[in-house]
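**Student:** Quick one: the structure is below, and I'll ask about it shortly.
What follows draws every value from the coordinates through simple rules; no lab data is involved. Quick caveat, the model's predicted, so the values are computed rather than measured. Quick reminder, even Gly has a Cβ in these numbers, built from the backbone with ideal geometry, and neighbours come from all protein chains shown.
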Number of protein chains: 2
Amino acid sequence: MDVFEAIKNRRSVRKYKPELVPKDLVQKILEAAVRAPSASNIQPWNFIVIKDRKVLDMVRKISPGYFGDAPLAILVCSDKERAYKLGGELGRDYLTVADCALAVQNMLLAAYASGLGTCIVKSFSSTAIKHILEIPDGIEPELLVIVGYPDQSPKPPLRRPLQEIAYLNRYGEKYFEK
Amino acid sequence: MDVFEAIKNRRSVRKYKPELVPKDLVQKILEAAVRAPSASNIQPWNFIVIKDRKVLDMVRKISPGYFGDAPLAILVCSDKERAYKLGGELGRDYLTVADCALAVQNMLLAAYASGLGTCIVKSFSSTAIKHILEIPDGIEPELLVIVGYPDQSPKPPLRRPLQEIAYLNRYGEKYFEK
């Protein structure tokens, strides 16, 4: 699938078919994730693939923005200790979040190009999800990516026009004419 | 270009040709950026396209990790006030960073598929870049994306194997066999 097509037509999906996601597609998604750039190549990321129904249900219960009944979710975590050791405070406090999000966007596009739907969830309780997934100190849950075969075709959400948000050389100087 | 090809072969470029980047390609990159998902569709992003040579040179001076002499850079900023108003503290403090990074990954892929090279820079002094680009309070510089025609073909950086970083249902339970 063309990259612009994937970027343009990917939607956040909140209704899924029960069909399971084959492991080779999960692998494709994870391989896309780790191709994201990472500050100083620290690669502060960990991935917990959740497919056990009981675990999924527990995670859903502590995540208010978790819609639908997808058969899979992938929790992207950052390794704060690794990031601090290799990248200092900026590495630990900021770049972990940025790097994990860069990886997540690749995951969304790879999933979409594989016929899968996804939705990012951040509304979970960090404490609860760490408990459920036995995540140790020093590893921080960043973003949860729900994955499954879509059972809806959501319309694109409204976008702020580029004329409003793109500037030239300094803030306030419009880059595009109205 | 195929999305997996773009994800796999995009590199961080640190040496550029002097050739200017046409405005229609900048627009393609920005259109890709705003197709990223955004928590509650808040779209907390602003983009400052920097192509004035004097401004680029000033920004480069206060950004230790800024290599090469690209004719263009795009500073992705977050609108912290908008994010707080529409998304509360989580929106302002976390989701702005994540949303801007999701947008940046789309920018990198769109640029690569257009024959351009990119590199993310975060090493700038926020205070200094805000001063140079006349960025008001409430708007925060997140990531700087350098853009230009590549004058090098960097090798892929080493990746941590998925066997090390992917788990199943709980942290510590390997998802892939060695």
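**Student:** Just the residues that are among the aliphatic types (A, V, I, L, M) and either out of contact with any Ser or Thr (no Cβ under 9 Å at 6 or more places or on another chain) or surrounded by 20 or more Cβ atoms within 10 Å (Cβ to Cβ) (or both), please, taken from the stretch B:69-96.
**Tutor:** Initial filter on the stretch B:69-96 (among the aliphatic types (A, V, I, L, M)): B:70, B:72-76, B:83, B:86, B:90, B:95.
The answer is B:A70, B:L72, B:A73, B:I74, B:L75, B:V76, B:A83, B:L95.
**Student:** Residues in the stretch B:163-172: is at least one in contact (Cβ under 8 Å) with a residue 12 or more places away in the chain, touching a Leu at 6+ places or on another chain (Cβ under 9 Å) and either outside any loop (DSSP other than H, G, I, E, B) or crowded, with 17+ Cβ neighbours inside 10 Å (or both)?
**Tutor:** no
**Student:** Considering the stretch A:33-58 alone, what residues qualify as being in a helix (DSSP H, G or I), in contact (Cβ under 8 Å) with a residue 60 or more places away in the chain and touching a Leu at 6+ places or on another chain (Cβ under 7 Å)?
**Tutor:** A:A39, the sole residue that qualifies.
**Student:** Here is a further query. Looking only at the stretch A:85-92, decide whether some residue is over 13 Å from A:N46 (Cα atoms) and within 8 Å of another protein chain (Cβ to nearest Cβ). First the steps, then the outcome.
**Tutor:** Quick first cut of the stretch A:85-92, residues over 13 Å from A:N46 (Cα atoms) only: A:85-92.
Among the residues that remain, those that are also within 8 Å of another protein chain (Cβ to nearest Cβ) are: A:90.
Looking for residues that are over 13 Å from A:N46 (Cα atoms) and within 8 Å of another protein chain (Cβ to nearest Cβ), one finds at least one in the stretch A:85-92, hence yes.
**Student:** Check the stretch B:15-23 and report whether any residue there is crowded, with 17+ Cβ neighbours inside 10 Å, free of Cβ contacts under 8 Å to residues at least 40 places away in the same chain and among the hydrophobic types (A, V, I, L, M, F, W, C).
**Tutor:** no
**Student:** Shifting gears a bit: Hey, does the stretch A:10-24 have a residue that's of a type in the set (G, A, S) and under 18 Å from B:N169 (Cα atoms)?
**Tutor:** So the first thing to find is which residues in the stretch A:10-24 are of a type in the set (G, A, S), and the list is A:12.
Those still in the list that are under 18 Å from B:N169 (Cα atoms) too: none.
So far as the stretch A:10-24 goes, no, none of its residues is of a type in the set (G, A, S) and under 18 Å from B:N169 (Cα atoms).
**Student:** Another question about this same structure. Which residues, counting only those in the stretch A:111-131, are over 22 Å from B:L90 (Cα atoms), of a type in the set (A, V, I, L, M) and at the interface with chain B (Cβ under 10 Å from one of its Cβ atoms)?
**Tutor:** Here is the first cut: in the stretch A:111-131, the ones over 22 Å from B:L90 (Cα atoms) are A:111-117.
Imposing the further condition that a residue be of a type in the set (A, V, I, L, M) reduces the set to A:111, A:113, A:116.
Hit for the stretch A:111-131 is A:A113, nothing else.
**Student:** Further question: How about the stretch A:67-135: which helices (runs of 4 or more DSSP H) wholly inside it have at least 1 residues that are under 18 Å from A:V26 (Cα atoms)? Quick ask: steps written out before the conclusion?
**Tutor:** Details: elements: A:80-90, A:96-113, A:126-132.
It comes to A:96-113.
**Student:** Suppose the filter is within 14 Å of the chain's Cα centre (by Cα) and either part of a strand (DSSP E or B) or away from chain B (no Cβ under 11 Å) (or both); does A:V26 pass it?
**Tutor:** Details: within 14 Å of the chain's Cα centre (by Cα): yes; either part of a strand (DSSP E or B) or away from chain B (no Cβ under 11 Å) (or both): no.
No; evaluated as a whole, the condition is false for this residue.
**Student:** Evaluate the following for A:I74: is it touching a residue at least 40 places away in the same chain (Cβ under 8 Å), within 27 Å of B:G172 (Cβ to Cβ) and within 11 Å of chain B (Cβ to nearest Cβ)?
**Tutor:** yes
**Student:** Please enumerate the residues belonging to the stretch B:142-154 that are in a loop (DSSP other than H, G, I, E, B) and within 12 Å of chain A (Cβ to nearest Cβ). Lay out the reasoning, then the answer.
**Tutor:** So the first thing to find is which residues in the stretch B:142-154 are in a loop (DSSP other than H, G, I, E, B), and the list is B:149, B:151-154.
Result: B:P154, single match.
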